[in-house]
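Note sheet for the following structure.
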Amino acid sequence: NAADVIVVGRFAGSQSLAAVGSTSSLINLLINVFIGLSIGANVLVARYYGAKNDRDMSETIHTAITVSLMSGLFLVFLGLFTSRFWLELMGTPDDVIDKSTIYMRIYFAGMPATMVYNFGSAILRAIGDTKRPLYFLIAASLCNIVLDLLLVVVFHLGILGVAIATVCSQILSAVLVVLSLMSVKGE
């Protein structure tokens, strides 16, 4: 989101900057609720991993990934159908609410990937792998920055461009974490 704010602020104008900025608190609120759930999965996986209980660890990992996908799909529908309502409730100015709504709807289309990354990285951290989730986050951030610049500066997509770049970076982080999870013993 920070990269989106910087790029639209510099290259797409003040309305686009205000549109992205007005979504931050709502997006963070919803994501943090589900990050709390991923911490619960982290605790269970760490417990089973420490006890060398591969069967229960595997079941917990599969359940956590299923919950992440289901919560991601829930957030897609929530974002698609209620973004404007929440933005109006928060008092988003009329001159940016249309752009804010577009940004939120596209952003929330990437929620399954975001949830998979958050749950998957919690699982990796539970088994002592703290580096790969960080590397995946760095890769996704770099991808987001490059795509932000490409889509906004070169293709002049403005708010649409930064939203698409964000979703692409979320998908990258999810794919990387899933590939890592597939190599976990017991999977």
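The values are calculated or read from the model by the stated rules, or taken from the named source; none is laboratory data. Source: prediction; values computed, not measured. Using ideal geometry, Cβ is built from the backbone for each residue, glycine included, and neighbour counts are taken over all protein chains shown. Remember, those area values only see protein heavy atoms, side chains included, never the ligands or the DNA or RNA. Shrake-Rupley method; radii C 1.70, N 1.55, O 1.52, S 1.80 Å.
Observations on the structure shown:
- Count of residues meeting criterion [touching a Phe, Trp or Tyr at 6+ places or on another chain (Cβ under 9 Å) and open to solvent by 70 Å² or more (accessible area, probe 1.4 Å)] in the range 23-53: 1
- Identity of the residue in the range 9-22, of a type outside the set (Gly, Ala, Ser) and more than 21 Å from residue 88 (Cβ to Cβ), that ends up surrounded by the most Cβ atoms within 10 Å (Cβ to Cβ): 11
- Taking each residue of the range 15-28 that is assigned to a helix (DSSP H, G or I) and looking for partners that are crowded, with 21+ Cβ neighbours inside 10 Å and among the polar types (S, T, N, Q) with beta-carbon atoms closer than 7 Å, six or more apart or interchain, yields 19/100.
- Residues within the range 63-96 that are free of Cβ contacts under 8 Å to residues at least 24 places away in the same chain and closer than 19 Å to residue 162 by Cα, tallied: 1
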